[in-house]
1. What does the net charge come to around residue 326 if you take all other residues with beta carbon closer than 13 Å to its beta carbon, with K and R at +1 and D and E at -1?
2. Please give the net charge around residue 59, taking every other residue with its beta carbon less than 11 angstrom from that of residue 59, where Lys and Arg add +1 and Asp and Glu add -1.
3. Among 336, 168, 292, rank each residue by its count of other Cβ atoms within 10 Å, from fewest to most, as a rough exposure measure.
4. Would you mind putting 93-106, 46-59, 143-156, 113-126 in packing order, based on average other-beta-carbon counts within 10 Å, highest first?
5. List 294, 303 from most exposed to least, where exposure is judged by having the fewest other Cβ atoms within 10 Å.
6. What would the Debye equation give as log₁₀ I(q)/I(0) for the stretch 2-346 at q = 0.09, 0.13 Å⁻¹, counting only Cα atoms as equal point scatterers?
7. List 289, 90 from most exposed to least, where exposure is judged by having the fewest other Cβ atoms within 10 Å.
Amino acid sequence: MIKKCTLFAFILLCHFGLEAQQGGSQVFSFLNLSPAGYSHSLGGIMISNASNDISTALENPATLNTETRHAATFNYQFQTAGIGSGSAAYGNHFKKANIDWHAAIQFTDYGNFRGADEWGNETGEFSAGDYAFVFGVAKPLNEQFTIGVNTKFIYSRLEDYIATGIGMDIGGYYMLPTQEASIGIVAKNMGGVLRSYTGDGGLLPFDLQVGFTKKLKYLPFRYNITAHHLYKWDVRYSDPNLIATSNAFGEVDEPSLLAVTADNFFRHLIFGGEFLLGKKENLKLRFAYNHMLRRELAVQNIRSITGFSGGVEFKVKGFFIGYSFGLQHMHGSSKMLSISTNLGQFKKK
């Protein structure tokens, strides 16, 4: 079974993933946004920690587990200019097949716009939004290794125009219980357009990610390192406007090969951690650093803390309430509110 799943994933990677490119050539890029507060506070991606948070299955379906059965969550992110995004999810279990599953929606609402014809006459307001309807399953192959698959139907609307697409995530999750560590790997957003606004096709924003999470033995702290865009080495954005001359003769001050290599290497990595406080770890403080976001969204020649993120989560009467923020630009940041619980605890005994 493992061989068949591996072969199937390899075929999909060759067909979709190796053709994928960054920036401008992909469709439905809202799928790159953090779907939940957990990942938002930890740099934008979290694929290597299977907990009671059902939202992690939107990023890696293999993180579904016994604790996500009857779990539910809702997340809403406040973006700039009144744009909002987020997700909602519910998980359960197929007993006979020993398969955990979840159903979810990931969305982005761009708000209302004033429409006008070619002569400038207003035609009324219209709205725009993107939606991904997700259904995923996970199957433990043994006590340590789990595989999972997400299927996605994508719907996008701009006034009376409609675009649709279909996609898939294939993930794996491996636990090292004696070391209190885990590894996650996922091939994300394999798929393409079924119907577009313009009649042209396109590929989803594919990514190949690997994550590692470990809890320290003598400190209530868990750290994670996530590598992304592993299908492509050079992920730098080449902007000719950023080239500066070093003297009056117009000689270009080129960075050293070592500096370029180091910068590109760290663009693939996200570093994060969370303090687990209290006897039952009901209070969590999180922070992270995403080097790619810092390099691509920082303002030239101005120091800022772009690329950092953080958040807090606490438990109140069976509900986990979280707040996270992402510093994406010196003039503003995105904030996300999250609430999650396990509905099984409310069943009558």
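Values in this text are rule-based calculations from the coordinates and carry no lab data. Fair warning: this is a prediction, and the values are worked out from it, not measured in the lab. All Cβ positions, glycine included, derive from the backbone under ideal geometry; neighbour counts span all protein chains shown.
1. +3
2. Working: positive: 188; negative: 53, 169, 207.
Net of charged neighbours comes to -2.
3. Values: 336 28, 168 19, 292 23.
With the sparsest Cβ surroundings first, the list reads 168, 292, 336.
4. On the way: 93-106: 16.3, 46-59: 26.8, 143-156: 19.1, 113-126: 9.3.
Ranked by mean Cβ neighbours within 10 Å, highest first: 46-59, 143-156, 93-106, 113-126.
5. Numbers: 294 18, 303 8.
Fewest to most other Cβ atoms nearby, the residues stand as 303, 294.
6. These q points yield log10 I(q)/I(0) values of -0.52, -1.07.
7. Values: 289 19, 90 15.
Lowest to highest Cβ neighbour count: 90, 289.
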